[in-house]
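Structure in C-alpha cells, see below.
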Amino acid sequence: CQTGEVAADPQLYDQSYLSPVTIGNSELMLDFDTGSADLWCFSTESPAAQSAGHGLYNPSTGTELDGAFWDITYGDQSAASGNVFADKVVVGGVTATKQAVEAATSVSYEFTEDVASDGLLGLAFSSINTILPQPQTTFFDTVRNSLAKAVFTVDLKKGAAGSYTFGYIDSSKYSGAITYVPVNTANGFWQFTADGYSAGGSDSSTGRGGVAIADTGTSLLYLPASVAKAYYSGIQGATFDFRQGGYTIPCSATPPDFNVAIGGKTFTVPGSYINYAPLRAGSSTCFGGIQADTGIGFSIFGDVFLKAVYAVFDDSGSSPRLGFAAQ
Ligand SMILES: N#Cc1c(N)n[nH]c1N1CCCC1
C-alpha cells in the first residue's frame, strides 16, 4: 500500500505551484492540475526553440505507445501536443511503473515562456485525457488501487510551499471537521455545487451558489458575474477594466474577506488573497483574485480559494467526493 507526499512550490504571485516528479531517469518540475487529465512534459523531442531553459524527459527509458498521440488546448488557449511513452513515474515515493507519459513535440509560447515549469500532471478524471486513439489513465488513476486509500489531498499556501499527498489524509494539516460534498464527473472535472457566497463579516449574501470545479491549475477564483460585481462594489477604487480583462483594485486596498458556503459549512478566503498581483512590476493597480466566470459555464475554484482550505479529492467510495476543511 503506497502513500506519498510532495512539495507544491509557489511561483511568482502564486500564479502556479510546481512539484518534483521523477520520470524515467529525469527529475522534472510539473504543475499538478486537477482541471485537466494529461501528464505531459517537455522532452528531447521538443524543438530547441520551444524547450530552451526547461527540464527535458528523455523517452529512451520508456516504451513508445505506437500510433498514440495527444493534443491539448486549455481554457486560456495555451496548447501542447506530441507522442506517448510508457515509463516509470514517481511522485513523493508513490510509483507508477508504466504511466502514460506524453512527450511534447510542440508547445505554445505560454509554456515556452514559463521556464520554471517542465509540464503538467493532470489529476482530473481520465475520461478527459486527450490521448488518441485510446485515452490513457492519469497518474492518480494508474496508482489508485495500490494506494492505502484512493485519495489525494491539496494543501496550497499563499506565498509558501504547500503539499500534495497521495493515499492518505494528514489530520495535522487542517482544523475542524472535513465537510464532504458529492462530485459530478460528467464533464471529467472535480465538479461540485457551492451553496452561496458573502463578503466581509456580514452574512449579506452576494448571491446564490452554483456549479463549480476545484482546479489547482487555475490561479484565481472565477465566480458568477453578479457575485464578483457585488464583491467589488464594496471596494473603493475597484473597477472592471476591459483592457486588463477583469476587475482591478488599488494595490493599497484591503479587500473584505470572502465567504463560501459548501456542504452547509462556511469557508473564508482572507481579503488579502484577493489583492492578487500588480498589473505589472511597480504598478499601484492590482488584478483582483476574484473574477467573473462569464462564458466558462461553471465557476472555477482555483488557487486563490484552494490556498485558504485543505482539500481532499476522494475516489475511495462508491462515487467520488470532495472534502474541504479550514487550514
Ligand atoms: N486555462 C486553463 C486551465 C485550467 N482551467 N486548468 N488548468 C489550466 N491550465 C493548465 C496550464 C495552462 C492552463
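Is the shape of the stretch 1-77 best called rounded, prolate or oblate, per the rule: a/c under 1.5 gives rounded, else a/b larger than b/c gives prolate, else oblate, with a ≥ b ≥ c the square roots of the Cα gyration tensor eigenvalues? If you can, show how the numbers build up before the last one.
Details: a/c = 1.42, a/b = 1.20, b/c = 1.19.
Rounded, because the longest to shortest axis ratio a/c is under 1.5.
If you don't mind, another one. Quick one: Karplus J couplings for the stretch 16-21, per residue in order, coefficients 6.51, -1.76, 1.60, θ = phi - 60°, nearest Hz, x for Gly and Pro?
For the stretch 16-21, the Karplus-derived couplings read 7, 10, 10, 10, x, 9 Hz, x marking Gly and Pro.
Please turn the phi angles of the stretch 241-257 into ³J(HN,Hα) values with the Karplus equation 6.51 cos²θ - 1.76 cosθ + 1.60 (θ = phi - 60°), one per residue in order, whole Hz, x for glycine and proline.
9, 4, 5, 7, x, x, 6, 10, 9, x, 4, 7, 6, 10, x, x, 4
Roughly speaking, what is the stretch gain from THR63 to LYS149, that is 0.36 nm per residue apart minus the C-alpha to C-alpha distance, in nm to one decimal?
Extending this stretch completely gives an extra 28.1 nm.
Within 10 Å of each candidate Cβ there may be at most 13 other Cβ atoms; applying that plus a DSSP loop requirement, which trypsin sites (Lys or Arg not before Pro) in the stretch 181-274 survive? Each step should come with its number before you reach the end.
Values: sites: ARG208, LYS229, ARG243, LYS265; in loops: ARG243.
Of the trypsin sites (Lys or Arg not before Pro), the ones in loops of the stretch 181-274 whose Cβ has at most 13 other Cβ atoms within 10 Å are ARG243.
Below 8 Å, C-alpha to C-alpha, sequence gap of six or more: please give me the relative contact order for the stretch 63-212 in percent. Intermediate results must be reported in sequence, preceding the final value.
Details: 227 pairs, mean separation 22.1, N = 150.
Answer for the stretch 63-212 is 15 percent.
Length gain on complete extension for the stretch SER175 to ALA160, per 0.36 nm per residue less the alpha carbon to alpha carbon distance? Mind dumping the intermediate values first?
Values: separation 15, 0.36 × 15 = 5.40 nm, distance 1.88 nm.
Value of the extension gain: 3.5 nm.
Using a probe radius of 1.4 Å on heavy atoms only, what accessible surface per residue do you get for the chain? Whole Å² is fine.
40 Å²
Alpha carbon centre of the stretch 271-299 versus the stretch 207-240: separation in Å?
9 Å
Comparing ALA100, ALA86, ALA148, which has the greatest mean-square fluctuation in the GNM of the chain with Cα pairs linked when under 10 Å apart?
Answer for the Gaussian network model of the chain: ALA148.
Another question about this same structure. Only Cα pairs within less than 10 Å get springs; with that Gaussian network setup on the chain, which residue of ALA199, ALA230, ALA281 has the largest fluctuation?
Taking springs between Cα atoms under 10 Å, the residue moving most is ALA281.
Mind putting a number on the dipole of the chain about its Cα centre? Charges go on the C-beta only, +1 for Lys and Arg and -1 for Asp and Glu, and I need it in Debye to the nearest 20.
Details: 14 positive and 30 negative charges, 184 e Å.
The dipole of the chain has a size of about 880 debye.
In sequence order, what are the phi-derived ³J(HN,Hα) couplings for the stretch 309-326 according to the Karplus relation 6.51 cos²θ - 1.76 cosθ + 1.60 with θ = phi - 60°, rounded to whole Hz, with x for glycine and proline?
Each residue of the stretch 309-326 in turn: 9, 9, 10, 10, 9, 10, 10, 8, x, 6, 8, x, 8, 10, x, 10, 9, 5 Hz.
Once you've got the Cα coordinates, tell me which of LYS88/LYS173; LYS88/LYS265; LYS149/LYS229; LYS173/LYS229; LYS229/LYS307 are over 31 Å apart.
Checking Cα-Cα distances, LYS88/LYS265; LYS149/LYS229; LYS173/LYS229 exceed 31 Å.
Using only alpha carbon pairs under 8 Å that are at least six residues apart, calculate the relative contact order of the stretch 12-147 and give it in whole percent.
Rounded, it is 32 percent for the stretch 12-147.
Picking from SER16, SER117, SER171, which is most flexible by a Gaussian network model of the chain using Cα springs under 10 Å?
Comparing SER16, SER117, SER171 in the GNM, the peak value goes to SER171.
Return the FRET efficiency for the residue pair ASP71, GLN236: r is the Cβ-Cβ distance, R0 is 56 Å, and the value is rounded to the nearest 0.05. Kindly include the intermediate steps, with their values, before the conclusion.
Numbers: r = 46 Å, r/R0 = 0.82.
E(calc), rounded to 0.05, equals 0.75.
Oh, and also: What part of the accessible area of the chain, given as a whole %, is carbon or sulfur when the probe is 1.4 angstrom? Present the calculation step by step, with values, prior to reporting the outcome.
Values: 6580 of 13030 Å².
About 50 percent, which is the carbon plus sulfur part of the accessible surface.
Give the residue list of GluC sites (Glu not before Pro) in the stretch 101-199 that are DSSP loop and have at most 14 other beta-carbon atoms within 10 angstrom.
Sparse-neighbourhood loop GluC sites (Glu not before Pro): none present.
The values are calculated or read from the model by the stated rules, or taken from the named source; none is laboratory data. The structure presented is a predicted model; accordingly, all values stated were derived computationally and were not measured. Heads up, the Cβs are rebuilt from the backbone with ideal geometry, glycines too, and the neighbour counts pull from every protein chain shown. These area figures cover heavy atoms from the full protein model, side chains too; ligands, DNA and RNA do not enter into them. Shrake-Rupley method; radii C 1.70, N 1.55, O 1.52, S 1.80 Å.
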